[in-house]
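J.: One structure, pasted below without further comment.
The values are calculated or read from the model by the stated rules, or taken from the named source; none is laboratory data. Quick caveat: nothing in here was measured; it's all calculated off a predicted structure. All Cβ positions, even for glycine, are placed from backbone atoms using ideal geometry, and neighbour counts span all protein chains on display. Calculation scope for accessible area: heavy atoms of the full protein, side chains included, ligands and nucleic acids excluded. Shrake-Rupley method; radii C 1.70, N 1.55, O 1.52, S 1.80 Å.
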Amino acid sequence: MKPMTFVILIVVISLLAATPHRGRAIQKRDLKEQALGALAQTDGRIRLRGMQKPVKVLRDEWGIAHIYAETQDDLFFAQGFIAAQDRLWQMDLWRRAGEGKLAEVLGPRAVERDRFARLIRYRGDMKAEYESYSPDARQIIEAFVRGVNAQIELSKDRLPIEFHLTESKPEPWTPEVCLTRMAGYVMTRNASTEVLRAQLVREFGKEFVDEWIETDPERKIEMPEGLDLAGIDSRILAAPNAASATVNFNPNDGSNNWVIDGTMSATGKPILANDPHRTIALPSLRYLVHLVGPGWNVIGAGEPALPGVAAGHNERVGFGFTIVGIDQQDLYVEEINPANSNEYRYRGKWEPMRVEREQLKVKGEAQPREVELKFTTHGPVIYEDKDRRRAYALRWVGSEPGTAGYLASLTLNRVQNWKEFLKAMERWKVPSENLVYADVDGNIGWVAAGLAPVRKGWSGLLPVPGAEGKYEWQGFLPVSELPQSFNPPTHFISTANHNIL
């Protein structure tokens, strides 16, 4: 379809624009004026190419955008455009983190984190990837990205102040920006526990770990046959830890959600509450929006760089989540060929690693650096111990199609009943979440959703030797075998990252 020019009508239902700045005074007047001069237009009319029909955006007294569109494409074009109006610097920084391009603005200190982001990039079947989220996910994501790019083009001569301070510019987005895996990796993070257990078993013994590093349900440490614990330490995870450092997610934080049915509420209808305990930051991790269009009427909190809403409600169903903590990662200790550092032993043969080389631009350096990315059958090599002739490969769910964090919300946002909710849970893979449910008919429910690897004969509590092929995943549990509940006799459900079994 040939792009057309239509109008986004933006109405502010408040006097926010006239509200005086109440924060700490900015000392340099020109800096303040430059920052204020770069603020996006939030009232009146904006003409943009690439839309089919006019879109109306109402901003309420809190600045939250309520977007009304006549077509689905226009709805998500507008969501991308409005999100970029509000959060372009944040979104561009997240894009760089996900694509492995932070060194372009942060310099040499970001090289290792960029390399890791590129290591865990999805390299599988793109058709399966898009269709995993929803049948129309590709169309939605492409429309969202066009909207982001429209704001980038519109603001190129008056970019937010952060771009001037860092002497950088936003790049046009591609749909793949929404499919990067860094956010999902941060929320799985089990490999670090495997390394910790290995270190403690080596230093204090298996019984100590069984007593002090508890599992839910209780599971004793089983030493993988052939595993040498020497050399398994924090160096293995240096790159992944650097790559996720700025997220500031404290593993000791917890989230809460609960849902009660009508027997426990004054109105006789369910109440659902959700408090995902993520770091309080400015700008916020979450982004509130209301999306109204053909087949859509959903409001809630998502992330600015993704289409849709992660936690919220439509006209019939409410939904929220807390991390459930499915073990979605395993570290494999690969044996390296002494005669060829790019070969590893697997099932009696020396197999070649897949080696990719990419150019990585670094701020302050005239020429890009070449980074080498290696992969075994188990996944990306995140650390090489050349003295012991070992490589550590990460097997994690992010290599599977449909594992960009939260994008399965594109199906969840449109469910109308419990049956459709359960069907949507088949698409929810990363992060693993306690998803709670309530509907206008009075039903409540819960599913511990996410890809749950099947490990036959081993626990996944420690790194495992990769050479013999004895420790391979045997598929994933179907949703029907994941913990869940519907209209329980207790009349309520609550989760707080605790033992749910």
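J.: Can we say Arg357 is open to solvent by 60 Å² or more (accessible area, probe 1.4 Å) and either of a type outside the set (Asp, Glu) or in contact (Cβ under 8 Å) with a residue 12 or more places away in the chain (or both)? Give the steps one after another, and end with the answer.
T.: Values: open to solvent by 60 Å² or more (accessible area, probe 1.4 Å): yes; either of a type outside the set (Asp, Glu) or in contact (Cβ under 8 Å) with a residue 12 or more places away in the chain (or both): yes.
Considered against the rule, which asks whether it is open to solvent by 60 Å² or more (accessible area, probe 1.4 Å) and either of a type outside the set (Asp, Glu) or in contact (Cβ under 8 Å) with a residue 12 or more places away in the chain (or both), Arg357 comes out as yes.
J.: What number of residues within the stretch 400-419 are open to solvent by 40 Å² or more (accessible area, probe 1.4 Å) and either without any contact (Cβ under 8 Å) to a residue 40 or more places away in the chain or within 22 Å of Val289 (Cα to Cα) (or both)?
T.: Count: 3.
J.: Are any residues in the stretch 68-96 outside any helix (DSSP H, G or I) and surrounded by fewer than 24 Cβ atoms within 10 Å (Cβ to Cβ), and if so, which ones?
T.: Step one: list which residues in the stretch 68-96 are outside any helix (DSSP H, G or I), which gives 68-71.
Within the stretch 68-96, Tyr68, Glu70, Thr71 qualify.
J.: Further question on the same structure: What residue, among those in the stretch 385-399 that are more than 21 Å from Met182 (Cα to Cα) and charged (D, E, K, R), is least open to solvent (accessible area, probe 1.4 Å)?
T.: So in the stretch 385-399, the residues more than 21 Å from Met182 (Cα to Cα) come out as 385-391.
Checking the rest, the ones that are also charged (D, E, K, R) come to 385-390.
Working: Asp385: 8, Lys386: 165, Asp387: 145, Arg388: 109, Arg389: 121, Arg390: 26 Å².
So, considering only residues that are more than 21 Å from Met182 (Cα to Cα) and charged (D, E, K, R), the one least open to solvent (accessible area, probe 1.4 Å) is Asp385.
J.: Suppose we filter the stretch 118-136 for residues that are within 26 Å of Leu360 (Cα to Cα), open to solvent by less than 40 Å² (accessible area, probe 1.4 Å) and in a loop (DSSP other than H, G, I, E, B); how many remain?
T.: Within the stretch 118-136, residues that are within 26 Å of Leu360 (Cα to Cα), open to solvent by less than 40 Å² (accessible area, probe 1.4 Å) and in a loop (DSSP other than H, G, I, E, B) number 3.
J.: Related question: Which is buried (at least 16 other Cβ atoms within 10 Å of the Cβ) and in contact with a Gly (Cβ under 8 Å, 6 or more places away or on another chain), of Glu162, Glu194, Glu176? Break it down into steps so the answer makes sense when it comes.
T.: Working: Glu162 fails: in contact with a Gly (Cβ under 8 Å, 6 or more places away or on another chain); Glu176 fails: in contact with a Gly (Cβ under 8 Å, 6 or more places away or on another chain).
None of the other options fit; the residue is Glu194.
J.: Still on this structure, I have one more. Residue under question is Leu482, and the condition is that it be in contact with a Leu (Cβ under 9 Å, 6 or more places away or on another chain), open to solvent by less than 30 Å² (accessible area, probe 1.4 Å) and within 28 Å of Pro224 (Cβ to Cβ); does it hold?
T.: Criteria not met by Leu482.
J.: Further question on the same structure: Look at Asp228 and say whether it is under 28 Å from Asp92 (Cα atoms), of a type in the set (D, E, K, R) and either open to solvent by 30 Å² or more (accessible area, probe 1.4 Å) or without any contact (Cβ under 8 Å) to a residue 12 or more places away in the chain (or both). Can you show your working first?
T.: Numbers: under 28 Å from Asp92 (Cα atoms): no; of a type in the set (D, E, K, R): yes; either open to solvent by 30 Å² or more (accessible area, probe 1.4 Å) or without any contact (Cβ under 8 Å) to a residue 12 or more places away in the chain (or both): yes.
Spelling it out, it is not the case that Asp228 is under 28 Å from Asp92 (Cα atoms), of a type in the set (D, E, K, R) and either open to solvent by 30 Å² or more (accessible area, probe 1.4 Å) or without any contact (Cβ under 8 Å) to a residue 12 or more places away in the chain (or both).
J.: Given the stretch 153-237, what helices (runs of 4 or more DSSP H) lie entirely inside it while holding 2 or more residues that are in contact with a helix residue (DSSP H, G or I) (Cβ under 8 Å, 6 or more places away or on another chain), within 30 Å of Glu400 (Cα to Cα) and at pLDDT 90 or above?
T.: Working: elements: 161-165, 182-186, 191-204, 206-212.
Once the helices (runs of 4 or more DSSP H) in the stretch 153-237 are filtered for at least 2 residues that are in contact with a helix residue (DSSP H, G or I) (Cβ under 8 Å, 6 or more places away or on another chain), within 30 Å of Glu400 (Cα to Cα) and at pLDDT 90 or above, what remains is 191-204.
J.: A follow-up question, please. Which is touching a helix residue (DSSP H, G or I) at 6+ places or on another chain (Cβ under 8 Å) and touching a residue at least 60 places away in the same chain (Cβ under 8 Å), of Tyr130, Tyr122?
T.: Values: Tyr130 fails: touching a residue at least 60 places away in the same chain (Cβ under 8 Å).
Unique residue meeting the criteria: Tyr122.
J.: Assuming Leu39 fulfils every condition listed in (1) open to solvent by 70 Å² or more (accessible area, probe 1.4 Å); (2) part of a strand (DSSP E or B); (3) of a type in the set (A, V, I, L, M, F, W, C) apart from one, which condition is it?
T.: Of everything listed in (1) open to solvent by 70 Å² or more (accessible area, probe 1.4 Å); (2) part of a strand (DSSP E or B); (3) of a type in the set (A, V, I, L, M, F, W, C), Leu39 misses just condition (2).
J.: Given the conditions (1) open to solvent by less than 10 Å² (accessible area, probe 1.4 Å); (2) more than 24 Å from Arg395 (Cα to Cα); (3) at pLDDT below 95, which single one is not true for Val105?
T.: (1)
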